[in-house]
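The values are calculated or read from the model by the stated rules, or taken from the named source; none is laboratory data. None of these values were measured; they are calculated from a predicted model. Positions of Cβ are backbone-derived with ideal geometry, glycine not excepted, and every protein chain shown enters the neighbour counts.
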Amino acid sequence: MGLLEVRDCTIRFGGLTAVKSLSMSLEKGALYGLIGPNGAGKTTVFNLLTGVYHPNEGSIELDGKSLNKLKPSRIARLGMSRTFQNIRLFQSMTVLENVKLARHGARKQNVWDATLHNRKQRDEEAQIERDAMELLEIFNLEGRADEIAINLPYGSQRRLEIARALATDPRILLLDEPAAGMNPQESLDLMHLIRRVRDRFDLTVLLVEHNMRVVMGVCERIQVIDYGETIALGSPREIQDNPKVIEAYLGGA
Amino acid sequence: MKRWLLWLGVLLVLAGLEASLRGLIGPYAYQITVLVGVNIILAVSLNLINGFTGQFSIGHAGFYAVGAYTSAALVKFGGPAIRGLVGFLPAIGQDAVLLLAGLAAAAIVAGIAGLAVGIPSLRLRGDYLAIVTLGFGEIIRVVILNVDSIGGARGFSGIEQLSNFFWVYFFVLVTIVVIHNIVHSSYGRAFVSIRDDEIAAEAMGVDTTRFKVLSFVISSMFAGIAGGLFGHFTMYLHPNSFTFVASFNVIIMIVIGGLGSIEGAVVGATVFTVALELLRKLGPFRLVSFAVLLVLIMIYRPQGLLGSWTLFKGRRKAAPKAMVV
Ligand SMILES: Nc1ncnc2c1ncn2[C@@H]1O[C@H](COP(=O)(O)OP(=O)(O)O)[C@@H](O)[C@H]1O
Ligand SMILES: [Mg+2]
């Protein structure tokens, strides 16, 4: 059984079935792609996996534990972390603070320690700051640590979202169109970065991406959905040659 | 160790001021100074939930009232027993113990009230907190009006005078230090993350409901302490002091100073309290003048007079826009 098991998940919004009887299995360490035309339901799958929505039918399990009724924060603390297609950085916080916030789930200080600013709290804050800076270095953002996050260029904001997601110590990282708005060079760098991060942090990655070069370059296995339903599943080569996939993309274009 | 010494120094300075201030500035200015302190505690604490956590409470006076009446009642009905327990202390020590017992009770009962109001209303999205806190403030007032043992509509008189400049400003400092410490910790970051983006906060592992409630309870506890200090200073409480207008005044203070800034709340409370006194001649028009002031601030300086400028970091953060019903 995989680390993440989605079985026959369906979610409806009024009359619209956004995700229909979707199954998905991610082995530990996988680099898994989820693609499909606009409106296919990819972001909705992320919202189901992270507890923003709960499926009308079906089940989602992380390492054998059901996520069905859990709140997003609980799921995040169980090791599922994500970025957002429409960037959601904390607007009043600096780059560094955005990453520090994501260490929230790992904190040991209680409200008394915070009230008193005692040794335990100060040591932990210093550690959080070091951890956050280390992550920023991986993403080449250490020089902008004290800038307000939303003042960064678009590509940097996307990288910051990944750094922030990693700060939660995830087991599974969900990336929702991380290359959107990036130039070709940035996208190429991102590809290498995703692979490096997977190896270094021992992660399982689920990638939603429109940039086919990135998807084909990064993913080992790809699932294609259209109108909320799986239409193909296989290696990048198999997907590229699949007539149904070509049809869905051309039909949707 | 050093912090301990610092606090000792602060206590000595406050005691020195307590001994000399009334003589220096006269009883009227002394009284206003003390009221400024009470309002600073109210504004700084309301700012935690409204400014830092981005929720909208409009019933702070309800918790203020709970604290005021709790402390006054405890001291009135339990005072002799408590004095008996600490009879070996000199009178000033007995007074201190009595006041601290009253304030502790005020904080605890106001905190429990905050929990009872916060849990159901903060679980839901949207401005339920505003509606529920508004209702709570009125319910508390009606309850007080109908409980005869705490004075009912006559008001609660004969409250022992235990609080003064020293105690009020001691608690002003405690409030500022505690809220500052919390804001500059993992907890504070969690509060601000909720204000900035609830969905992202949840995705990063912040249990937003729990932390909203926590912020609200801490805020309510300090409002309770402010109430206790107020009652033991004025020696008389009346439900009319705790109407919606009182809640609204605290909102004006933090909007004047800038939501999400501790220094702003201090400045806002001071400016507001002093101006309200100076404008007394205007009679009923002084409230109108504040409404006008508030509107002008929202138009020309939505970030407040200070915005989110903080002494401690010396830089500006993008401040949340002022929000009023
Ligand atoms: N909260 C919602 N309410 C109503 N419809 C929604 C909601 N979320 C997504 N949808 C619909 O579900 C479909 C899939 O959307 P989405 O998952 O965002 O697609 P993708 O990410 O693949 O582009 C779209 O038709 C979208 O309008
Ligand atoms: Mg999408």
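Being charged (D, E, K, R), in contact with an Asp or Glu (Cβ under 8 Å, 6 or more places away or on another chain) and more than 10 Å from A:G33 (Cα to Cα) is the filter here, so list the residues in segment A:172-215 that pass it.
Of everything in segment A:172-215, just one residue is charged (D, E, K, R), in contact with an Asp or Glu (Cβ under 8 Å, 6 or more places away or on another chain) and more than 10 Å from A:G33 (Cα to Cα), namely A:E177.
A:I35: in contact (Cβ under 8 Å) with a residue 24 or more places away in the chain and away from ligand 2 (no atom under 16 Å from the Cβ), yes or no?
Values: in contact (Cβ under 8 Å) with a residue 24 or more places away in the chain: yes; away from ligand 2 (no atom under 16 Å from the Cβ): no.
Taking the combined requirement at face value, the residue does not satisfy it.
Here is a check on your reading of the model: is B:F170 more than 20 Å from B:A246 (Cα to Cα), of a type in the set (A, V, I, L, M, F, W, C) and more than 14 Å from every other protein chain (Cβ to nearest Cβ)?
Yes, satisfied.
Quickly run through segment A:65-82 and pick out the residues that are more than 9 Å from every other protein chain (Cβ to nearest Cβ) and farther than 14 Å from A:D169 by Cβ.
Within segment A:65-82, A:K65, A:S66, A:L67, A:N68, A:K69, A:L70 meet the criteria.
Looking at segment A:54-64 only, could you name the residues that are under 20 Å from A:A165 (Cα atoms) and either in contact with a helix residue (DSSP H, G or I) (Cβ under 9 Å, 6 or more places away or on another chain) or at the interface with chain B (Cβ under 9 Å from one of its Cβ atoms) (or both)?
Passing the criteria: only A:L62.
Can we say A:F90 is touching a residue at least 40 places away in the same chain (Cβ under 8 Å) and within 16 Å of ligand 2 (Cβ to nearest atom)?
no
Just to verify a result, which residue in segment A:168-212, among those that are part of a loop (DSSP other than H, G, I, E, B) and under 22 Å from A:D131 (Cβ atoms), is farthest from ligand 2 (Cβ to nearest atom)?
A:D202
Considering only residues that are part of a loop (DSSP other than H, G, I, E, B), more than 14 Å from chain B (Cβ to nearest Cβ), near ligand 1 (Cβ under 9 Å from one of its atoms) and surrounded by fewer than 21 Cβ atoms within 10 Å (Cβ to Cβ), which ones fall in segment A:9-53?
Residues satisfying the conditions are A:G14, A:P37, A:N38, A:G39.
Report, by residue number, each residue of segment A:118-175 that is of a type in the set (S, T, Y) and either at pLDDT 95 or above or surrounded by 23 or more Cβ atoms within 10 Å (Cβ to Cβ) (or both).
Of everything in segment A:118-175, just one residue is of a type in the set (S, T, Y) and either at pLDDT 95 or above or surrounded by 23 or more Cβ atoms within 10 Å (Cβ to Cβ) (or both), namely A:T168.
Taking only segment A:38-72 into account, find how many residues are polar (S, T, N, Q) and within 16 Å of ligand 2 (Cβ to nearest atom).
Of all residues in segment A:38-72, those polar (S, T, N, Q) come to A:38, A:43-44, A:47, A:50, A:56, A:59, A:66, A:68.
With the extra rule that they be within 16 Å of ligand 2 (Cβ to nearest atom), the set shrinks to A:38, A:43-44, A:47, A:50.
Here the count works out to 5.
In segment A:97-115, which residues are of a type outside the set (F, W, Y), more than 7 Å from every other protein chain (Cβ to nearest Cβ) and either in contact with a strand residue (DSSP E or B) (Cβ under 8 Å, 6 or more places away or on another chain) or over 21 Å from A:F201 (Cα atoms) (or both)?
Across segment A:97-115, the qualifying residues are A:K108, A:N110, A:D113.
May I ask you to list the residues in segment A:154-189 that are of a type outside the set (D, E, K, R), within 21 Å of A:M80 (Cβ to Cβ) and more than 16 Å from ligand 1 (Cβ to nearest atom)?
Result: A:L160, A:I162, A:A163, A:A165, A:L166, A:A167, A:T168, A:P170, A:I172, A:L173.
Any residue at all in segment A:88-96 that's outside any helix (DSSP H, G or I), away from chain B (no Cβ under 11 Å) and either in contact with a Pro (Cβ under 6 Å, 6 or more places away or on another chain) or under 19 Å from B:G205 (Cα atoms) (or both)?
Checked against the condition, which is being outside any helix (DSSP H, G or I), away from chain B (no Cβ under 11 Å) and either in contact with a Pro (Cβ under 6 Å, 6 or more places away or on another chain) or under 19 Å from B:G205 (Cα atoms) (or both), segment A:88-96 yields no hits at all.
Return only the number of the condition from (1) over 30 Å from B:H184 (Cβ atoms); (2) among the aliphatic types (A, V, I, L, M); (3) buried (at least 24 other Cβ atoms within 10 Å of the Cβ) that B:I58 does not satisfy.
All conditions are met except number (1).
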